[in-house]
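Read through the structure below, which is laid out as structure tokens, and then see the notes.
The values are calculated or read from the model by the stated rules, or taken from the named source; none is laboratory data. It should be emphasised that the depicted structure is a prediction, and the values quoted were computed from it without experimental measurement. Please note: Cβ atoms are built from the backbone with ideal geometry, for glycine as well, and neighbour counts cover all protein chains shown.
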Amino acid sequence: MFCYKITEEKSQEERALRVKEEEQTMKKRTYDLLPEADSNLSALQASVESSAQTLVVLAAQWEKHRAPLLAQYRDARERNSNKAVSFLIIMMLESYGYLCFRMY
């Protein structure tokens, strides 16, 4: 029991150490960027604008592919719906005796 408790405490301390090391790394990166803040900010803004333009282009390309696919889907759904309605109408008419498809 005592060994388990020590092992558990060690694991918790190692996790806490990893978190602190990650925080330290992040702070170091931030401090490294501070002397050139203006140029880094300009580069970041340019990168964001470029990404936004790329997204607009990709959205337009997707729309070119999406529109015909959506039309095909709607057409297939309508045809399937029409078949189902026709089937139901035929079944109702047959059940009332209006249609007889008997082969003699």
**Asked** Applying the selection to segment 57-104, what residues are modelled with pLDDT under 85 and either in contact with a strand residue (DSSP E or B) (Cβ under 9 Å, 6 or more places away or on another chain) or aromatic (Phe, Trp, Tyr) (or both)?
**Response** Phe87, Tyr96, Tyr98, Phe101, Tyr104
**Asked** Is it the case that some residue within segment 39-55 is over 31 Å from the mean Cα position of the chain (by Cα) and in a helix (DSSP H, G or I)?
**Response** yes
